Amino acid sequence: MHSPIQQIIEEIKSKKVFRRNKRKIELKILSAILYFHGLSLRKASKFISLFEKISHESIRIYYHRLKRILKPPERKKRRLIAIDETKLKLENKHIFVWSAIDVDTKECLAVWATEGRSSFHAYAFLKEVLRYCENKPEVAVDRGPWYLWALKRMGLKYRYETFGERNAVEGFFSLLKRRTKRFFNRFPFRSSFDSVQSWLGSFVAIYNAEVLS
C-alpha cells in the first residue's frame, strides 16, 4: 500500500496540479503537509529552505492547490455517519464548519462552511452527504436542535451520542482545531469565505489521503 505522500504525488502528477518548474514535487507536497500538521507558513518555509529555497507565500499556494486532488468519496453502502459542526472566527464574525465522517473508514465525506446554523443548513448538508451513500445510513449527532427536523424530513435513522462511535467526527475536529489553534481559532487576517472553503478543501484532501492509506 502506498504512503500518503506517494498517493498525493501520483494524483498531482496525473492531474497536473503544479506548473512545471525546477522545484521537486516532493518538496512542494512536504511543505504543504508540514503546514497541515501545524507548522506556520514561515516555519515550514524555513525548514524546507534547508534543502531548497521556498517562500512562505509559495507554500500557501501549494497548500491551496492540493484541494484539486480531492477525490469525491465513493458512492457505496455506509453503516453509520457521524456529523457535527464547530464554530470558528472569520474576521470579526463567527462561522460554522460542518463535517461528516464515515465511522468505519474515518473518511471525511463532506466539509462545509456556513455563516449560520439552522435546520435548513443541516438539511442541505445531509443532502450533500447522501450523495456518497447508496443507502440511507444511520446518523450519529449531538442534541443540536437544528438536526431533528432535517433528519426526520429525510427519513434517516439517527442516534444521539456524546461519545461512542460519534468520536470519529470529534477526532476530525480535534485535528482541525489543533491546526486552527495556530490562528487562535480564527482564520488569517483578510481571509474571505471562499478562501476558507478552499483551505478546508485542502485540509480534507490531506486528511483523507492519510486515513485511507
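The values are calculated or read from the model by the stated rules, or taken from the named source; none is laboratory data. As the structure is a computational prediction, the values presented were derived from the model and not from experiment. Using ideal geometry, Cβ is built from the backbone for each residue, glycine included, and neighbour counts are taken over all protein chains shown.
In region 59-85, which residues are more than 14 Å from L109 (Cα to Cα) and either among the aliphatic types (A, V, I, L, M) or surrounded by fewer than 18 Cβ atoms within 10 Å (Cβ to Cβ) (or both)?
Correct list: I59, I61, H64, L66, R68, I69.
Given the options S55, S49, S45, name the one that is surrounded by 18 or more Cβ atoms within 10 Å (Cβ to Cβ) and outside the structural domain of W146 (by TED's automatic domain parsing).
One residue alone meets the criteria, S45.
Can you tell which of F96, F18 is aromatic (F, W, Y), at pLDDT below 85 and within 21 Å of Y207 (Cβ to Cβ)? Walk me through it before giving the result.
Values: F96 fails: at pLDDT below 85.
The match here is F18.
Quick test for you: out of P145, P137, pick the one residue that is more than 30 Å from L39 (Cβ to Cβ) and surrounded by 17 or more Cβ atoms within 10 Å (Cβ to Cβ).
That would be P137, the only listed residue that is more than 30 Å from L39 (Cβ to Cβ) and surrounded by 17 or more Cβ atoms within 10 Å (Cβ to Cβ).
I need the full set of residues from region 94-112 which are of a type in the set (A, V, I, L, M) and over 26 Å from S213 (Cβ atoms), in order please.
Taking region 94-112 as the starting set, the residues that turn out to be of a type in the set (A, V, I, L, M) are 95, 97, 100-101, 103, 109-111.
If the condition is that a residue be of a type in the set (A, V, I, L, M) and over 26 Å from S213 (Cβ atoms), then I95 is the only one that fits.
Does region 153-161 include one or more residues that are surrounded by 15 or more Cβ atoms within 10 Å (Cβ to Cβ), modelled with pLDDT of 95 or more and not hydroxyl-bearing (S, T, Y)?
Yes, there is a match, as at least one residue in region 153-161 is surrounded by 15 or more Cβ atoms within 10 Å (Cβ to Cβ), modelled with pLDDT of 95 or more and not hydroxyl-bearing (S, T, Y).
Across region 61-92, what is the number of residues that are outside the structural domain of R117 (by TED's automatic domain parsing) and free of Cβ contacts under 8 Å to residues at least 24 places away in the same chain?
Summing the residues that are outside the structural domain of R117 (by TED's automatic domain parsing) and free of Cβ contacts under 8 Å to residues at least 24 places away in the same chain in region 61-92 gives 1.
Identify, please: which residue in region 197-213 is in contact with a strand residue (DSSP E or B) (Cβ under 8 Å, 6 or more places away or on another chain) and not aliphatic (A, V, I, L, M) and is, among those, surrounded by the fewest Cβ atoms within 10 Å (Cβ to Cβ)?
It comes out as Q197.
Do you know which of the residues in region 117-174 that are part of a helix (DSSP H, G or I) and of a type in the set (S, T, N, Q) is farthest from P73 (Cα to Cα)?
The qualifying residue farthest from P73 (Cα to Cα) is S119.
Please verify whether K177 is free of Cβ contacts under 8 Å to residues at least 24 places away in the same chain, surrounded by fewer than 17 Cβ atoms within 10 Å (Cβ to Cβ), in the same structural domain as N92 (by TED's automatic domain parsing) and not in a loop (DSSP other than H, G, I, E, B), treating the condition exactly as stated.
In short, no.
Consider only pairs whose beta carbons are under 8 Å apart and that are at least six residues apart or on different chains; among these, list those whose first residue lies in region 122-140 and is touching a residue at least 60 places away in the same chain (Cβ under 8 Å) and among the hydrophobic types (A, V, I, L, M, F, W, C) and whose second residue is buried (at least 16 other Cβ atoms within 10 Å of the Cβ) and in a helix (DSSP H, G or I).
Listed by first residue and then by second, the contacts come to A140/E165; A140/R166; A140/V169.
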